[in-house]
Amino acid sequence: MFDETQLNMKYHLFGLFLGLLLHVNAQEIREWQSGQGLTLTDFASPQTQIDSTLTNYSVYHGGTIELNFQMNSVVFMFTKHFNDKISAKFNPKAAVIVAPDTTMAQQFVAYANYEFDLVELYARKLRKKVFEEKKTFSDTQLFQAHFNQFMAQMHTESARVAKASDIGRKPDVLQQEHDLVTQQIEALADFCKSCKPPKKRKKNKTE
């Protein structure tokens, strides 16, 4: 969360909240899909408000990474990859924009789209890491350790871009950062949720 002193402005950013979701209402949740960005109407929280009398402004994009791997140890042991067990999701009823006018509201929407893509990027990084690190006798703790690591990294990156782009109010800066995230997502194409990663290359004894 950024106060007025840190960002030198009269609004607050509600920080990125990411966690394990054990139970979700499928009718309310939307999964990340390439080319399907968020719009202002997606911010369906009752707290969303556009009002010229407001003096404090905020945005919370409602994106989360969900881990779903309810399986016994034997099934886990012989599962080769977990792409479909790790999801980047958006909850419209949790997404909030509070702004004085539609211009700032749309800037916040652009920032939220960056954030949602950032969630997908780290979901792919997590899929890749678990795929590479999982061994025959690994257990579900493998997910938690890497999850914590990547969430910390993502919070740091989110905070950096929030400050650099003034929460989207510097569109050129935000676009540059968003383009970099998009490129990284594309570079991890094998680790989309519905994708099957390439087989692990076996090391030669001489290597």
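The values are calculated or read from the model by the stated rules, or taken from the named source; none is laboratory data. Fair warning: this is a prediction, and the values are worked out from it, not measured in the lab. All Cβ positions, even for glycine, are placed from backbone atoms using ideal geometry, and neighbour counts span all protein chains on display. The accessibility values were calculated without ligands, DNA or RNA, using every heavy atom of the protein model including side chains. Shrake-Rupley method; radii C 1.70, N 1.55, O 1.52, S 1.80 Å.
General observations
- Gyration tensor (Cα) of region 29-191, equivalent ellipsoid semi-axes in angstrom: 33, 16, 12
- Rolling a 1.4 Å probe over the protein heavy atoms leaves V130 with an accessible area of roughly 0 Å².
- Annotation for E133 and D51: the two label points, set 7 Å from Cα along the Cα-Cβ direction, are 4.6 nm apart.
- For S45, net neighbour charge (Lys/Arg +1, Asp/Glu -1) across residues whose Cβ lies under 12 Å away: -1
- Rough spin-label spacing in nm, given labels placed 7 Å along Cα→Cβ, for Q33 and C195: 1.8
- Efficiency of FRET between N148 and Q106 - r from beta-carbon atoms, R0 25 angstrom, step 0.05: 0.15
- Greater than 31 Å apart at Cα, pairs in K134/K170; K93/K135; K89/K196; K89/K170; K89/K199; K125/K170: K134/K170; K93/K135
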